[in-house]
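Enquirer: Shown below is the structure under consideration.
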Amino acid sequence: MKRAQTIALSALGAALLVVGGFYAGRHSSGSNETPMVSAPAASGPADKKVLYWHDPMVPGQRFDKPGKSPFMDMQLVPVYADSDSGDGGVKVSPTVQQNLGIRTAAVRKADVSSSFDAVGAVQFDERLNVAVQTRVAGYVERLAVRAPMEQVRKGQALATLFAPEWLGPQNELLALKRAGVSQDLVDAARERMRAMSIPDSLIRQSEASGAAQARFTLTAPVSGVVAELGVREGVAVTPGMTLFRLAGLEKVWAVAEVPEAQAVRLTRGQKVKAVLQADASQAFDGELKEILPQVSANTRTLQARFEVDNKAGKLTPGMLLRLQVAGPSSSRLVVPSEAIIRTGKRAVALVRKENGSFESRDVTIGQETGDDIEVTQGLSEGEQVVASGQFLIDSEARLRSVTGSMAAPAEMGSASAASMPMAPTPATAPASGVHVGEGKVESVDADGITISHGPVASLKWPAMTMGFAKPDPKAFADVKAGDTVHFEFKQGGSKGYELVSVQRVGGAK
């Protein structure tokens, strides 16, 4: 017990001796400059190259030669070629990597296809629709097809019409032939009958039988279904009246709703494989014919019209087809999707460098295919990216304001360790963000107060002289140069740190 007390008293005496020397040096000098505790100059390893010098309090500013920091009352610190600060990476020891579950993946090239799946509804190909009309006034004597959607074959009888207006021209032709007139007059009579839309078959039948024919049969010009039935048996018809509308089934349309993001990759002529939704064993070949120039305001989709072969007649309007749209494939750089950190405006990947540190890098991403995502800019083939645990590394880098070391910091010279203030870490910074210090006021200005303060434990700062900003030009009006004060401050303000409160030791605030 006595031995422990003796050691503690010796340590306390050494600390008082250092502090006493610190203040004695200030009073004896008679100047506003604070002599720092003497320490041997920091010297970097002989085999390391100095990249630049910087002030750890303002890490973004770099200097090409040593000297005093223009921001703080301290010397600039060298950054070596293989140090963490030099390469801008976050150092993570192998043990910590294993504990955090950090896993990396290589940036590789892969064949990426722009193909995608869509669901389309079968519709009639309206380009195959045929209208069956009459060009003469008459009556429907007999109707062969009596209901819509009946299937018909090419040449099949649809209806029998009676056209009394055709009797006169036919009788005139027969009379001319019996009179033995010139062939020119007979040919002229035939042309007149053709102009009245009398079928050639009816003219030949009339000449062969020697009697005028007023009844004729309408036949289907194509195979398909009766999409529209416009007459009934016994009704009168007029020239130009549509009696039937036939829809062909050799080819059908499959109309699919395609999102805008995928529609931009569609081009006319793309091949498609259509699979029947109700029976996956039935597949059909198709082709993209048209992208309709209209976007749905509710679903933000465009309609794509695919032409699907239906020679077997197995597809009927209303059926659903699963369309596998084949797009061109190309070799592209890809990484696992989990390796990309999306912030809304940016996409970031953490890259493992050759020296083992990790670097945050902005990337430009493309389309996502399965578990991989395309990277169009920011990465090179063969680089290693963090695929698991990257959020821990990224959070550490942000908390330090500059990418620093997550492992134990590299050993530095004794003077460098004593003179440079370290950035706050989550383990030492107070939860409120307010830090406490004690020192002597050197000068008071309208925008700030310069204080020679002792060590600040929450920031791991050594004793130094630095300026603190005022929250208001009229704040702390009773504080004067030479006062010994207890003060609180936080990060911010024009000088980097702003005073929250200043209280003279033994006096009022």
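Readers should treat all values here as calculations from the given coordinates under stated rules, not as data from a laboratory. Small disclaimer: the values here were computed from a predicted structure and weren't measured. Neighbour counts run over all protein chains shown; Cβ positions are idealised from the backbone, glycine included.
Enquirer: Any idea how far apart TYR139 and ASP362 come out in nm if each label point goes 7 Å out from Cα toward Cβ?
Expert: About 8.6 nm, to one decimal.
Enquirer: Could you work out how far apart the two model spin labels at ALA131 and ASN298 are, taking each label as a point 7 Å from the Cα in the direction of the beta carbon, and quote it in nm?
Expert: Roughly 3.2 nm, to one decimal.
Enquirer: Could I ask something else about it? How far, in nm, would the chain grow between LYS345 and LYS474 when pulled straight, counting 0.36 nm per residue and subtracting the alpha carbon separation?
Expert: Values: separation 129, 0.36 × 129 = 46.44 nm, distance 4.12 nm.
Using 0.36 nm per residue and subtracting the Cα-Cα distance, I get 42.3 nm.
Enquirer: Along the Cα→Cβ direction, 7 angstrom out, place labels at MET319 and PHE71. What is the inter-label distance in nm?
Expert: The answer from the label model is 7.2 nm.
Enquirer: Test of understanding: extend the Cα→C-beta vector of LYS271 to 7 Å, then name every residue of the stretch 114-148 with backbone N under 16 Å from that spot.
Expert: Answer for the stretch 114-148: 114-116.
Enquirer: Taking a cut-off of 30 Å between Cα atoms, list the lysines near LYS289, but don't count ones fewer than 8 places away on the same chain.
Expert: LYS154, LYS251, LYS271, LYS273, LYS311, LYS314
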